[in-house]
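Data block below; observations after.
The values are calculated or read from the model by the stated rules, or taken from the named source; none is laboratory data. Keep in mind that what you see is a predicted model, and the values were worked out from it rather than measured. Reconstructed Cβ throughout: ideal geometry from the backbone, glycine too, with neighbour counts over all protein chains shown.
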Amino acid sequence: MATVELRFSALPEHVRTARLVAAAVARRAGVDEAVLDEVRLAVGEACSRAVGLHQNGGISAPVKVLLIEEEKQFSIEVGDEAPHAASGGRAPGDTPGDTDAETEEDEMGLAVISGLVDDVEVSAGESGGSIRMRWPIVPPAGLLD
Amino acid sequence: MDLSLSTETMGDRTIVRVGGEIDVYTAPKLREQLVELVNDGSFHLVVDMEGVDFLDSTGLGVLVGGLKRVRAHEGSLRLVCNQERILKIFRITGLTKVFPIHTSVEEAVAATD
């Protein structure tokens, strides 16, 4: 089970809450202080993207964030339930209106995540997608001796 | 922390001072402000980001949108930012090549290129 699991309605105002919770759990897990800004930004980008996918697809399900503390690494997995076309194109039923702008924002969010996080996996399928990001945990100085 | 916005005119430049967090929730307010300024005829904008605590790609998108709008009127959009964590986001997205980024409002106002 995840160390902390967060589910929130797909609304922009809740993304900040997800950022704050993720940063707090990451700090407690031992992620380096210097990296916490990156954790905050990356989880915010992943959640913003998921919120956008749910809103554009008319999906009422919540966005799911798993914060997982392991021995040597800290993982965050942000899951959406938006059906993704296998080719990576737009799924049927998407509103055509602002398609270009939405795609641009989506790509910019992914660009920021891949620029920030060395270890990231993006997966997408018919029942939804996820972004999994991992950071190393710095052992407390006292335990190194 | 919400977004705070204030504007000030210096000659033909309009300074937009932004404070707080620019994210998926607050970015629309910044977009409205920039659109309103351009619609009112302010085409040379200086966005002072010294009070910004957080910026994500939604905020970057709004700034790029603002730049497109002022360029349509042969205007300019300059940024003022000294914070490394904010500058990093511009660097990893390649946007340092798109926006002139200055260290002070005075420098941005004086810039003419």
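Considered as a group, the residues in segment A:42-58 that are farther than 13 Å from B:SER57 by Cβ, small (Gly, Ala, Ser) and in a helix (DSSP H, G or I) include one that is farthest from the other protein chains (Cβ to nearest Cβ), and that residue is A:GLY57. Only one of the listed residues (B:LEU60, B:LEU37, B:LEU45) is farther than 23 Å from A:LEU36 by Cα, in a helix (DSSP H, G or I) and aliphatic (A, V, I, L, M). That residue is B:LEU37. The set of residues in segment B:30-60 being of a type in the set (Ser, Thr, Tyr) and in contact with a helix residue (DSSP H, G or I) (Cβ under 7 Å, 6 or more places away or on another chain) consists of B:SER57, B:THR58. Failed condition for B:ARG78, given (1) within 14 Å of chain A (Cβ to nearest Cβ); (2) buried (at least 19 other Cβ atoms within 10 Å of the Cβ), with all others met? B:ARG78 satisfies every listed condition except (1). Residues considered: A:VAL43, A:VAL15, A:VAL63, A:VAL78. Of these, the only one that is surrounded by 22 or more Cβ atoms within 10 Å (Cβ to Cβ), modelled with pLDDT of 95 or more and over 28 Å from B:GLU84 (Cα atoms) is A:VAL63. When we screen A:ALA50, A:ALA34, A:ALA23 for residues that are surrounded by 24 or more Cβ atoms within 10 Å (Cβ to Cβ) and under 21 Å from A:GLY115 (Cα atoms), the only hit is A:ALA50.
Restricting segment B:88-102 to residues that are more than 8 Å from chain A (Cβ to nearest Cβ) and assigned to a loop (DSSP other than H, G, I, E, B), the residue that is nearest to A:GLY115 (Cα to Cα) is B:GLY94. Of all residues in segment B:45-66, those satisfying the criterion of being more than 19 Å from B:ILE92 (Cα to Cα) and surrounded by 19 or more Cβ atoms within 10 Å (Cβ to Cβ) are B:LEU45, B:VAL46, B:VAL47, B:ASP48, B:GLY66. Under the condition of being over 16 Å from the mean Cα position of the chain (by Cα) and within 16 Å of A:LYS64 (Cβ to Cβ), the residues counted in segment A:126-137 number 1.
Flag: B:ALA111 does not match the condition of being at pLDDT 95 or above and more than 21 Å from A:GLU107 (Cβ to Cβ). Scoring B:VAL52 on the criteria (1) touching a Ser or Thr at 6+ places or on another chain (Cβ under 8 Å); (2) among the β-branched types (Val, Ile, Thr); (3) farther than 20 Å from A:LEU110 by Cα; (4) within 14 Å of chain A (Cβ to nearest Cβ) leaves a single failure, condition (1). For segment A:87-145, a tally of residues being more than 14 Å from chain B (Cβ to nearest Cβ) and either in a helix (DSSP H, G or I) or at pLDDT below 85 (or both) returns 20. Checked against (1) surrounded by fewer than 18 Cβ atoms within 10 Å (Cβ to Cβ); (2) at pLDDT 95 or above, B:GLY11 passes all but a single condition, namely (2).
For (1) part of a strand (DSSP E or B); (2) within 11 Å of the chain's Cα centre (by Cα), each residue gets a yes or a no:
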{"residue": "B:GLU21", "(1), (2)": "yes, no"}
{"residue": "B:TYR25", "(1), (2)": "no, no"}
{"residue": "B:PRO28", "(1), (2)": "no, no"}
{"residue": "B:ARG31", "(1), (2)": "no, yes"}
{"residue": "B:MET49", "(1), (2)": "yes, yes"}
{"residue": "B:LEU67", "(1), (2)": "no, yes"}
{"residue": "B:LEU77", "(1), (2)": "yes, yes"}
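Apart from one condition, B:HIS44 fits all of (1) in contact with an Asp or Glu (Cβ under 6 Å, 6 or more places away or on another chain); (2) within 26 Å of A:ALA10 (Cβ to Cβ); (3) away from chain A (no Cβ under 14 Å); (4) of a type outside the set (Val, Ile, Thr); the exception is (2).
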